[in-house]
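Engineer: Supplied in structure tokens, the structure appears directly below.
The values are calculated or read from the model by the stated rules, or taken from the named source; none is laboratory data. Small disclaimer: the values here were computed from a predicted structure and weren't measured. Cβ sites come from the backbone with ideal geometry, for glycine too, and all protein chains shown count toward neighbours. To get the accessible areas, we keep the full protein, side chains included, count just its heavy atoms, and leave off ligands, DNA and RNA. Shrake-Rupley method; radii C 1.70, N 1.55, O 1.52, S 1.80 Å.
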Amino acid sequence: MITTVPDHATEDRSAERRSRGIALARAARRGDTLAMSDLLDHLIPYVTSICGPIALDARQDAVQETLVVVFRALRTLDEPEALYGWVRAIAAREAVRIARRAARETPTEWAEPPAPGDPQLAADIDDVLARLSPEHRAVLVLRDVEGLDEQTAADLLGVPEGTVKSRLHRARAGFRRMWTA
């Protein structure tokens, strides 16, 4: 039996990054413009990890729009300790909004699906994700990547929990169907 030992150094770095983000948020809320700039720079990797799988090719726009919303609304954040959950909610909403806009502006071209056994099939998750709607990508990211429960994902997306459950079911089924095609 193989057991894994937690990487305490990674956990420590993660906790340090989180503490730094919270400290920067506190200072920025007090009007420290340098702290605001540092906070936005600090949040870019986190926001990108959320927006990227949802907005796909429009990820840069989604990240930028998320950071603009964070910049404008930071003073409304009552508890700086909730920074990352608050930013995650903004990032998910903005990524879905930007992905919808991008889908309206640019029709998706359906590539010829690879034949079963083609090595490219295993290598192209982005192509399969691109075929899903932004709403389906969002629930997949929030549930399967971020590990959130249905209620939390529903709150972040502003939809009922049942909607998240049905979208998740359809998204997983669609992903499986396209992946194995």
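Engineer: Output the helices (runs of 4 or more DSSP H) that fall wholly within segment 132-181 and possess 3 or more residues being open to solvent by 30 Å² or more (accessible area, probe 1.4 Å) and not aliphatic (A, V, I, L, M), or say none. First the steps, then the outcome.
Structural biologist: On the way: elements: 134-140, 150-157, 161-180.
Hits in segment 132-181: 150-157, 161-180.
Engineer: Can you report the number of residues in segment 81-106 which are touching a Phe, Trp or Tyr at 6+ places or on another chain (Cβ under 9 Å) and either among the charged types (D, E, K, R) or surrounded by fewer than 20 Cβ atoms within 10 Å (Cβ to Cβ) (or both)?
Structural biologist: First, the residues of segment 81-106 that are touching a Phe, Trp or Tyr at 6+ places or on another chain (Cβ under 9 Å): 84, 87-88, 91.
Those left that are additionally either among the charged types (D, E, K, R) or surrounded by fewer than 20 Cβ atoms within 10 Å (Cβ to Cβ) (or both): 84, 88.
The number of residues fulfilling the criteria is 2.
Engineer: Taking only pairs six or more apart or across chains, which ones have beta-carbon atoms under 8 Å, a first residue in segment 76-90 that is of a type outside the set (Phe, Trp, Tyr), and a second residue that is assigned to a loop (DSSP other than H, G, I, E, B)?
Structural biologist: Going by the 8 Å Cβ cut-off, the qualifying pairs are Leu83/Leu77; Arg88/Glu146.
Engineer: Right, Ile44: open to solvent by 40 Å² or more (accessible area, probe 1.4 Å), within 30 Å of Leu132 (Cβ to Cβ) and either part of a helix (DSSP H, G or I) or modelled with pLDDT under 90 (or both) or not? Working first, answer last.
Structural biologist: On the way: open to solvent by 40 Å² or more (accessible area, probe 1.4 Å): yes; within 30 Å of Leu132 (Cβ to Cβ): yes; either part of a helix (DSSP H, G or I) or modelled with pLDDT under 90 (or both): yes.
Considered against the rule, which asks whether it is open to solvent by 40 Å² or more (accessible area, probe 1.4 Å), within 30 Å of Leu132 (Cβ to Cβ) and either part of a helix (DSSP H, G or I) or modelled with pLDDT under 90 (or both), Ile44 comes out as yes.
Engineer: Another question, if that's okay. It is to be established whether one or more residues within segment 66-75 are among the polar types (S, T, N, Q), within 15 Å of the chain's Cα centre (by Cα) and either at pLDDT 90 or above or surrounded by fewer than 10 Cβ atoms within 10 Å (Cβ to Cβ) (or both). Let's see the steps before the verdict.
Structural biologist: First pass over segment 66-75, keeping only residues among the polar types (S, T, N, Q): 66.
Those still in the list that are within 15 Å of the chain's Cα centre (by Cα) too: 66.
Checking the rest, the ones that are also either at pLDDT 90 or above or surrounded by fewer than 10 Cβ atoms within 10 Å (Cβ to Cβ) (or both) come to 66.
Yes, segment 66-75 contains a residue that is among the polar types (S, T, N, Q), within 15 Å of the chain's Cα centre (by Cα) and either at pLDDT 90 or above or surrounded by fewer than 10 Cβ atoms within 10 Å (Cβ to Cβ) (or both).
Engineer: Another question about this same structure. Being touching a helix residue (DSSP H, G or I) at 6+ places or on another chain (Cβ under 7 Å) and basic (Lys, Arg) is the filter here, so list the residues in segment 40-74 that pass it.
Structural biologist: Hit for segment 40-74 is Arg59, nothing else.
Engineer: Further question on the same structure: Looking at Asp78, is it outside any helix (DSSP H, G or I), open to solvent by 60 Å² or more (accessible area, probe 1.4 Å) and at pLDDT 75 or above? Can you show your working first?
Structural biologist: Numbers: outside any helix (DSSP H, G or I): yes; open to solvent by 60 Å² or more (accessible area, probe 1.4 Å): yes; at pLDDT 75 or above: yes.
Judged against the criteria, Asp78 is a match.
Engineer: Kindly provide the set of residues from segment 13-40 that are open to solvent by 40 Å² or more (accessible area, probe 1.4 Å) and in contact with a His (Cβ under 9 Å, 6 or more places away or on another chain), ordered by number.
Structural biologist: Once the filter is applied, which keeps residues that are open to solvent by 40 Å² or more (accessible area, probe 1.4 Å) and in contact with a His (Cβ under 9 Å, 6 or more places away or on another chain), segment 13-40 yields Arg17, Arg20.
Engineer: Which condition from (1) under 25 Å from Arg101 (Cβ atoms); (2) at pLDDT 95 or above is the one that Leu34 breaks?
Structural biologist: Exception for Leu34: condition (1).
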